[in-house]
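Data block below; observations after.
The values are calculated or read from the model by the stated rules, or taken from the named source; none is laboratory data. The structure displayed is predicted, hence computed values, not measured ones. Virtual Cβ from ideal backbone geometry, glycine too; neighbours counted across all protein chains shown. The area values use the complete protein model at the heavy-atom level, side chains included, leaving out ligands, DNA and RNA. Shrake-Rupley method; radii C 1.70, N 1.55, O 1.52, S 1.80 Å.
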Amino acid sequence: MRLSRAFLPTLKETPAEAQIVSHRLMLRAGLIRQTAAGIYAWLPAGQRVLQKVAQIVREEQDRAGAQEILMPTIQPAELWQRSGRYDDYGKEMLRIRDRHDREMLYGPTNEEMITDIFGAYAKSYRDLPRNLYHIQWKFRDEVRPRFGVMRGREFLMKDAYSFDLTKEGAIHSYRQMFVAYLRTFARMGLKAIPMQADTGPIGGNLSHEFIILAETGESQVFLHRALLDYDALREAPDYDSDLSHITEFWTRHYAATDEKHDEAAWNAIPEADRVSARGIEVGHIFYFGTKYSAAMGLTVAGPDGAPVHPEMGSYGIGVSRLVGALIEANHDANGIIWPDPVAPWAAAVINLKPGDAATDALAGQVYAALAPDALLDDRDARAGEKFADADLMGHPWQVIVGPRGAAAGRVELKRRRGGERAEVSPEDAIARIRESRSA
Ligand code: 5CA
């Protein structure tokens, strides 16, 4: 994309309404535009990041054996009346009436709908285990939407739902998602720590939140220091094998959100190993047994022919929240510093002298080799403005092309993270950019 033709609006001023750095930078870098309280439009750069994040989530769900579907955002109230949650959910649920005066709602989550859909086909234990997920917009009429996409009212979630014959099977499905989550966040360059968590309106008694430590996080968390730099995922897991050896480390060391905090267990940890911090919840997984299958009458024939309610779990990732969390974890005073795997473009090619034939030719050549994974700043603007916008938007690489370099067949390659600069051949610049994107 050429900047002279692009819709990539950046702001010089810091928007007054944004309280945390990720929200400020999302507005300033032109990623999002608020359309109503807690509801955002995603502009081209934001949409590209959102899709990159969603694609990583998708690949790791698929790898773990889950299958993608797409359920609607609008649900009939009747489904929720069957589970008994229609009244429990209260004012967070956006309730709608259609022209026939039928009660509908904008889905805050999909346990009921998936139980109904899966139940229409599952007949016997041979139809188990299964794990189905979708990546779809949700609506929760939060009392206090804030921090931009971090706590929105409309937000993009990946939600997966597992069905198993036995409790042991369900725990295995839970561990598959646990490990898939560790891989998902690690691929984005994030350290998300699983912590024992409250189950709230989803229900059940086994639950972990995946938390990224950040001062601006909304959750208070308590954990053992050993969890901070533990990495169990050096090799790809075999998802069909027993995964307890991978999850074991996190169950052996204390880590809990405020709601699940246990003073006695906490005090048993040597004081030097206690870390109490703030964090951002980017994922949340639940095992809740037969809560929905029993309430909604889902049964399959077991091996002996007798009807069984499948054991279920659900597994959420805040896809749109992750974009904010990624910026909280990756920025400096000048703007965003995108990790390579989620950057909207791998590089910005900055033409310092549009109209100069040799400069245009060299910048055009580098851009053509990288397109569509690069921007070409061909605007008739000051160099300082181009550098500031590139830093603000956070492209992992900047390729700076000026008349002097063009005459010598050289470009300047700048790494956004760390700021190192080197004069290299256009071929080397292209190779290094491609390599870091595919690593
Ligand atoms: N049905 C379960 C699992 S699929 C569920 O809804 N879990 S949840 O309520 O914990 O939401 C899953 C994830 O969505 C959270 O971990 C969080 O990352 C994200 N999320 C929840 N509420 C919001 C919100 N208001 N704005 C942005 N992201 C949110």
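Here are the numbers for the structure shown:
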| item | result |
| --- | --- |
| Per residue value of the accessible surface for the chain (all protein chains in place, 1.4 Å probe), Å² | 44 Å² |
| Residue 172 - accessible surface, heavy atoms, 1.4 Å probe, Å² rounded to 10 | 50 Å² |
| Label-point gap, in nm, between residue 361 and residue 95 - each point 7 angstrom along Cα→Cβ | 7.1 nm |
| Simple label model, 7 Å out from Cα along Cβ direction - residue 244 to residue 59, nm | 3.2 nm |
| Cut-off 13 Å between beta-carbons: net charge of the residues surrounding residue 147, Lys and Arg +1, Asp and Glu -1 | +1 |
| Entries of 138/414; 12/52; 91/191; 123/260; 167/260 with Cα pairs more than 31 Å apart | 138/414; 91/191; 123/260 |
| Separation of alpha-carbon centers, segment 134-208 and segment 11-56, rounded to whole Å | 22 Å |
| Cβ-derived FRET efficiency at R0 45 Å, residue 294 paired with residue 226, nearest 0.05 | 0.70 |
| Where trypsin sites (Lys or Arg not before Pro) in DSSP loops with at most 12 other Cβ within 10 Å are excluded, longest remaining stretch of the chain | 235-381 |
| Residue order for 238, 87 - accessible surface, 1.4 angstrom probe, largest first | 87, 238 |
| Charge dipole (debye, nearest 20) of segment 137-261; +1 at Cβ of Lys and Arg, -1 at Cβ of Asp and Glu | 360 debye |
| Share of carbon and sulfur in the accessible heavy-atom surface of segment 300-385 [1.4 Å probe, %] | 54 percent |
| Area accessible to solvent at residue 117, 1.4 Å probe radius, in Å² | 60 Å² |
| Net charge, residue 303 excluded, C-beta distance under 14 Å - Lys, Arg +1, Asp, Glu -1 | -1 |
| Carbon and sulfur %, accessible surface of segment 1-123 computed with the full protein complex present, 1.4 Å | 50 percent |
| Three-way shape label, segment 318-439, alpha-carbon gyration tensor, a/c 1.5 | prolate |
| Three-way shape label, segment 21-335, alpha-carbon gyration tensor, a/c 1.5 | oblate |
| Theoretical FRET efficiency, 1/(1+(r/R0)^6), r = Cβ-Cβ of residue 404 and residue 273, R0 56 Å, to 0.05 | 0.50 |
